[in-house]
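Please read the structure below before turning to the comments.
Every number in this text was worked out from the coordinates using simple rules, so none of it is lab data. All values derive from a computational prediction rather than experimental measurement. Here the Cβ positions follow ideal geometry from the backbone for every residue, glycine too, while neighbour counts run over all protein chains shown.
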Amino acid sequence: MKRRSARSTREVVVPGDVLDDSGMASGSNTYLLDGRVHAGILGVRNVFQNTVSVIPFGGRYMPTAGDLVIGVVEDIGPSNWLIDINAPYPAPLHVNEVPWKVEFGDTSRFIGMEDVLMLKILSVDESKKIQVTMKDSGLRKIEGGQLVEIAHPKVSRVIGKSGSMIQMIKNMTDCRVFVGQNGRIWIDGDRENVQVAVDAIGLIDAQTQSDNLTDRVREFIEERLPQSADGDGYEEDEYEEED
């Protein structure tokens, strides 16, 4: 089994800490001062290629156009729905952005209060007004399954390098999993397997800063759901923020 080399610890940093003085590029949540890269927020130091950044511990999700998210309907109007996407403000979903022909005033017949939706961030303007859409492949209203929520900065750890972590969880639990960039995750499958997948994600949530997290998650799932054959092996994923 191949392993990617990793630092011995996940370094927690506070604003002002020097992250690098050897010429690395300044990544997200950092700033340059006197040729050195400093932390701009409280979080975990992260190095990817020649860039150093900080992954925050918490905070509200700030949407970016193109993000896939999971939203919950919190209000219904005659021509749109207001969706809670775990951002500072609700996102309107207009009738023109759903895959059905909806007549004015007939919105509640198609999507009701507290319905859960798979969505895509269509746009975010300068005033932070958010528009979402369901007009893309795979986007739909969620029926059944289980919804879990984690702090959105930890989503990249659940996904893993090039999708390695989430693909491992899917393969080993035989579950369908949709990960929203806003920290909401939908899991569907056999009831026992779903619970194992939920608990595995809980493990990632609790041990985000740990080394060898891929191995820990694999061993956890194997204890709960013995595998019929050895997997192909997954490299330990670097703790990096998805763009």
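Values for this structure:
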read-out	value
Ranked GLU192, GLU126, criterion: other C-beta atoms within 10 Å, fewest first	GLU126, GLU192
Net charge of Cβ neighbours under 9 Å - reference VAL95; Lys, Arg +1; Asp, Glu -1	-2
Angle between the chain longest axis and helix 191-206 axis [Cα atoms, degrees, rounded to 10]	50 degrees
Rounded if a/c under 1.5, otherwise prolate or oblate - the stretch 19-62, Cα gyration tensor axes	prolate
Residue (of GLY163, VAL102, GLY138) at the positive-pole extreme of the stretch 91-167, dipole from beta-carbon charges	GLY163
Rounded FRET efficiency, nearest 0.05, which uses the C-beta distance separating GLN227 from LYS129 and R0 of 51 Å	0.60
Dipole-positive endmost among VAL12, LEU225, VAL54 within the chain (Cβ charges, Cα centre)	VAL54
Computed [θ] at 222 nm, helices only, for the chain once each DSSP H run of length n ≥ 4 contributes -39500 (n - 2.57)	-5500 deg cm²/dmol
Pairs of lysine residues in the chain - Cα separation under 29 Å, sequence separation of 8 or more or cross-chain	27
Shape category assigned to the chain from the gyration tensor of Cα positions, a/c cut at 1.5	oblate
Local electrostatic count, GLY35, Cβ distance below 14 Å [Lys/Arg +1, Asp/Glu -1]	-2
Spin-label pair TYR31/THR64, simplified geometry with 7 Å Cα→Cβ offset, distance in nm	2.1 nm
Hypothetical label at ASN50: residues of the stretch 16-44 whose amide nitrogen lies under 12 Å (7 Å Cα-Cβ projection)	23-26
Whole-angstrom gap from the stretch 10-37 to the stretch 140-190, using each part's C-alpha centre	31 Å
Global form of the stretch 52-147, assessed from the alpha-carbon gyration tensor, a/c cut-off 1.5	prolate
Dipole in debye (nearest 20) - the chain, about Cα centre, beta carbon charges: Lys, Arg +1; Asp, Glu -1	200 debye
